Amino acid sequence: MFEFDPSKKYQKTTKSRVVIRFQDCDPLKHLNNAKYFDYFFNAREDKVPKLYGLQMSEIYQAFNAIWVVYNHQIAYIKSAGMGEWVKIFSRIIWHNHNSMVVEYFMTDDEETELKTILWTKLRYINEKGHSTTHPSKLVEFLSSVAYDDIDYEDIDFDIRVRQVKNEVANAAIKIF
């Protein structure tokens, strides 16, 4: 069941190491553009239960509501190749009463080169498919795990791409 410990300091950025699989690549041995989404979502889905102690199904069971995607922005910087080990990072960079934005990005295995960045906007909806408000317990949790070093409402996606590129190049990726 969804349990949140307000006294705990939660990690703000997830980090996973994965290999680019043959079956996910195009004839040029590059990760297929559509497959980046699978890699990002799977990495976060695998990591969130370990870091925060909850499954998405528990959110639905506790509140009869869940997030659904309604928008993506993605920038492909440098391709990921077949058999290559990469690092995938994700973090909630903004939330309000009924929405949130998750930022994902992929680097090379040494974390020195940005490959791709994705912003995914999600809406919190109830079992009838209608937008609903985050319960206060969930807002408290989102606030404790959200990466708040970004002024999302005042930043352009292309500017953020350059910022993350610099973070990676300068070995300045923040986890907490």
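The values are calculated or read from the model by the stated rules, or taken from the named source; none is laboratory data. Given the structure is predicted, the values throughout are model-derived calculations rather than measurements. Quick reminder, even Gly has a Cβ in these numbers, built from the backbone with ideal geometry, and neighbours come from all protein chains shown.
Scan region 1-50 for residues that are of a type outside the set (Lys, Arg), under 21 Å from the mean Cα position of the chain (by Cα) and in a strand (DSSP E or B) and jot them down.
Once the filter is applied, which keeps residues that are of a type outside the set (Lys, Arg), under 21 Å from the mean Cα position of the chain (by Cα) and in a strand (DSSP E or B), region 1-50 yields 14, 16, 18, 19, 31.
Going residue by residue through region 53-63, is there one that turns out to be loosely packed, with under 13 Cβ neighbours inside 10 Å, on the phi < 0 side of the Ramachandran plot, outside any strand (DSSP E or B) and in contact (Cβ under 8 Å) with a residue 40 or more places away in the chain? If you could, list the steps in order and put the result at the bottom.
Of region 53-63, the ones loosely packed, with under 13 Cβ neighbours inside 10 Å are 57, 61.
With the extra rule that they be on the phi < 0 side of the Ramachandran plot, the set shrinks to 57, 61.
Applying the additional criterion that residues be outside any strand (DSSP E or B) yields 57, 61.
Subset that is in contact (Cβ under 8 Å) with a residue 40 or more places away in the chain: 61.
There is at least one residue in region 53-63 that is loosely packed, with under 13 Cβ neighbours inside 10 Å, on the phi < 0 side of the Ramachandran plot, outside any strand (DSSP E or B) and in contact (Cβ under 8 Å) with a residue 40 or more places away in the chain.
Just give me the residues in region 65-115 being among the aromatic types (Phe, Trp, Tyr) and either out of contact with any strand residue (DSSP E or B) (no Cβ under 7 Å at 6 or more places or on another chain) or closer than 19 Å to residue 30 by Cβ (or both), in sequence order.
76, 85, 104, 105, listed by residue number.
Looking at 159, 66, 125, 117, which is the one that is free of Cβ contacts under 8 Å to residues at least 12 places away in the same chain and either among the hydrophobic types (A, V, I, L, M, F, W, C) or farther than 21 Å from residue 37 by Cα (or both)? Talk me through it step by step, then tell me what you get.
Numbers: 66 fails: free of Cβ contacts under 8 Å to residues at least 12 places away in the same chain; 125 fails: free of Cβ contacts under 8 Å to residues at least 12 places away in the same chain; 117 fails: free of Cβ contacts under 8 Å to residues at least 12 places away in the same chain.
The unique qualifying residue is 159.
Give the residues of region 101-127 that are of a type in the set (D, E, K, R) and at pLDDT 95 or above, sorted by residue number.
103, 108, 109, 110, 111, 113, 115, 121, 123
Residue check: is residue 110 at negative phi and not in a strand (DSSP E or B)?
In short, yes.
Among 74, 93, 150, 117, which is the only one that is among the aliphatic types (A, V, I, L, M), within 15 Å of the chain's Cα centre (by Cα) and assigned to a loop (DSSP other than H, G, I, E, B)?
Being among the aliphatic types (A, V, I, L, M), within 15 Å of the chain's Cα centre (by Cα) and assigned to a loop (DSSP other than H, G, I, E, B) holds for just one of 74, 93, 150, 117, which is 150.
Go through the residues of region 135-147 one by one and say whether even a single one is over 17 Å from the mean Cα position of the chain (by Cα), more than 27 Å from residue 35 (Cα to Cα), buried (at least 18 other Cβ atoms within 10 Å of the Cβ) and in contact (Cβ under 8 Å) with a residue 40 or more places away in the chain.
The answer is yes, given that some residue of region 135-147 is over 17 Å from the mean Cα position of the chain (by Cα), more than 27 Å from residue 35 (Cα to Cα), buried (at least 18 other Cβ atoms within 10 Å of the Cβ) and in contact (Cβ under 8 Å) with a residue 40 or more places away in the chain.
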